[in-house]
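So the structure is just underneath, and the comments pick up after that.
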Ligand SMILES: *Cc1c(COP(=O)(O)O)cnc(C)c1O
């Protein structure tokens with residue numbers, strides 16, 4: 001079977017050249033006579049892979065010298081606990097903006113170890129926007145300030161960061177890392193599970209400012225302590241070795257396309273194709289307020305749930321798969337991460353036009 005256009009929110013499409021390179025190197029990596037999966041994580045060949053992955057990520061994101069890059073396990077969900085365990089300090093209190101499912105989970109988890117104050121929320125409109133925030137409501141003594149930068153399920157993203165003064169800004173970038181330029185120096189900590197925009201599930205990247213390492217609460221499990229992983233260059237225990245290798249290939253792919261600037265332009269163009277159609281359609285409509293629309297995850301609906309179902313089914317028959325929306329939003333969702341080809345978005349829009357015309 002030929003490859004389909006896979007709109008899955010995650011795990012999601014990887015660049016075909018990356019998969020093909022991994023295939024070529026599958027049984028004999030760089031003349032070692034073994035697969036990366038079979039290789040000691042302490043070997044010279046593997047050391048080159050993990051240090052190479054880090055330096056490519058640093059180059060792509062412009063990560064300053066005073067930040068560490070960690071390759072961890074446990075998914076982005078483990079970071080919901082790891083962040084408070086490591087960053088709660090003097091006040092054991094943090095500020096959060098609640099923008100939907102993933103931020104809600106982070107809030108709930110942080111509240112197990114200290115206080116999690118919600119300073120803004122868009123719950124009143126089913127999280128279809130980034131809420132307005134008022135700086136005077138921010139706690140000047142908070143240990144950190146938390147946002148989910150791209151909301152995978154609801155389809156919103158921040159285009160402006162909250163001004164938190166000296167309070168470290170923590171961002172979940174699981175679904176937008178490497179999709180657009182970010183100024184890393186604005187953040188104290190960035191984390192991202194790999195399986196949306198970077199590689200296979202199993203590795204979670206943490207980018208953390210050095211001064212935030214080394215203050216974990218006493219109850220912190222060893223494996224949840226950033227200092228342990230920083231002191232051991234992400235090799236305290238066996239890392240998710242193969243996933244990191246694929247991430248390295250993805251970083252090389254982005255570099256060869258021209259870096260983040262180039263990929264951002266491609267992402268903006270892809271998203272515009274779909275949003276422009278949604279804005280002109282009399283059958284389909286986007287669910288998010290225009291100013292906060294995600295470039296990566298685009299939820300949309302027709303007025304009729306039966307019609308949504310028909311659309312998803314007919315699209316799948318044309319090789320446009322995984323368009324079913326998340327149950328909290330309903331309808332459809334097109335996740336179009338870095339590796340999703342522009343051609344697939346064009347085909348989706350063409351099919352939407354046909355579907356609409358047939359029902360006029
Ligand atoms: C997918 C996702 C998560 C959860 O990631 P896991 O790796 O499954 O734990 C958290 N936050 C965001 C924004 C996500 O998109």
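The values are calculated or read from the model by the stated rules, or taken from the named source; none is laboratory data. Source: prediction; values computed, not measured. All Cβ positions, even for glycine, are placed from backbone atoms using ideal geometry, and neighbour counts span all protein chains on display.
In the stretch 64-86, the qualifying residues are those that are surrounded by fewer than 18 Cβ atoms within 10 Å (Cβ to Cβ) and within 17 Å of residue 241 (Cα to Cα), and the one that is nearest to the ligand (Cβ to nearest atom) is 75. Can you find a residue that is over 22 Å from residue 166 (Cβ atoms) and either within 16 Å of the ligand (Cβ to nearest atom) or surrounded by 17 or more Cβ atoms within 10 Å (Cβ to Cβ) (or both) anywhere in the stretch 133-145? Scanning the stretch 133-145 turns up no residue that is over 22 Å from residue 166 (Cβ atoms) and either within 16 Å of the ligand (Cβ to nearest atom) or surrounded by 17 or more Cβ atoms within 10 Å (Cβ to Cβ) (or both). One residue alone among 37, 61 is more than 16 Å from the ligand (Cβ to nearest atom) and buried (at least 20 other Cβ atoms within 10 Å of the Cβ), and that residue is 61. Restricting 152, 159, 220 to residues that are crowded, with 20+ Cβ neighbours inside 10 Å and away from the ligand (no atom under 16 Å from the Cβ) narrows the list to 220.
Any residue at all in the stretch 92-104 that's within 16 Å of the ligand (Cβ to nearest atom), in the same structural domain as residue 227 (by TED's automatic domain parsing) and free of Cβ contacts under 8 Å to residues at least 24 places away in the same chain? The answer is yes; a qualifying residue exists. Look through the stretch 306-360, keep the residues that are modelled with pLDDT under 95 and within 26 Å of the chain's Cα centre (by Cα), and return whichever of them is surrounded by the most Cβ atoms within 10 Å (Cβ to Cβ). Among those that are modelled with pLDDT under 95 and within 26 Å of the chain's Cα centre (by Cα), it is 329.
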